[in-house]
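Encoded as structure tokens, the structure appears first; notes follow it.
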Amino acid sequence: MPAKSASSRNSHLRLRIAQVAAQLMAEHGIRDYAFAKRKAARQLGVTDTHALPGNEEIDEALRSYHALYSPDEHAETLRAQREQALAVLEAFGQFSPMLTGAVLSGTASDHTHIEIELYADASKEFEQFLINEGASFKVADRHGRYGYLIYSDPADIMVTVLPLNSQHANSRGRADGVRRMNAEQLTRLLQEQD
């Protein structure tokens, strides 16, 4: 019997950490899941790293947070970000862009970047495209890959450039479980929400 109650306590603790991490992400614009988890654990006095929730648990807590505290505002913000994302996907069409991240998953807040993955022979090819379009941007490291933070309104856009030769492999599905959506799929999603 004690093992079950320990398991139950651990499950409750994971949930509580996920809820606090979600609140931090929603209210303070924290984008880094690991940082949000650690900060939430510190706030709750938890030192056991095995008690930290997974990113999916935090996403679920974020959806619950938005549904409870700002359902109408969140729906409007998410709709505006998805419409902006669709315009970006269409503008970057020659690079086979895909929407990923919080705007796709529905956990975005008004602090969230729109995350786009696209394919190019070289990152300089995309950079030249941005220069030609007159975009305001900065180069950013995205987990060892070239990325670009494009300043835009209502949300900034974070673009990760992937090698062109990886496009076919990624189209079959990602091993890391990250959801992705192209412009056609996003259009259908927006129509379903009307």
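Just so you know, all these numbers are worked out from the coordinates, no wet-lab data involved. Predicted model, so just to flag it, every value in this text is computed and none were measured. Backbone-built Cβ (ideal geometry, glycine too); neighbour counts: all protein chains shown.
Here are a few things to note about the model shown:
- Degrees, to the nearest 10: 55-69 long Cα axis against longest axis of the chain: 90
- Cα shape, region 72-192, gyration tensor, a/c 1.5 rule: oblate
- Pairwise FRET efficiency - residue 42 versus residue 90, Cβ, R0 = 45 Å, nearest 0.05: 0.60
- Cα-based reach from residue 37 at 15 Å (exclusive), listing aspartates and glutamates while leaving out same-chain residues under 8 positions away: 27, 48, 56, 57, 59, 60
- With all pairs of separate Cα atoms included, region 26-93 yields a Kirkwood hydrodynamic radius of 14.2 Å.
- Nearby aspartates and glutamates by direct alpha-carbon distance to residue 124 (threshold 17 angstrom, same-chain neighbours under 8 apart not counted): 133, 141
- For region 108-164: rounded, prolate or oblate by the Cα gyration tensor [a/c cutoff 1.5]: oblate
- For the chain, the mean residue ellipticity at 222 nm estimated from helices alone is -17500 deg cm²/dmol, where every DSSP H run of n ≥ 4 contributes -39500 (n - 2.57) and the total is divided by all residues, rounded to the nearest 500.
- Helix 71-91 and the long axis of the chain differ in direction by around 30°, with both axes built from C-alpha atoms.
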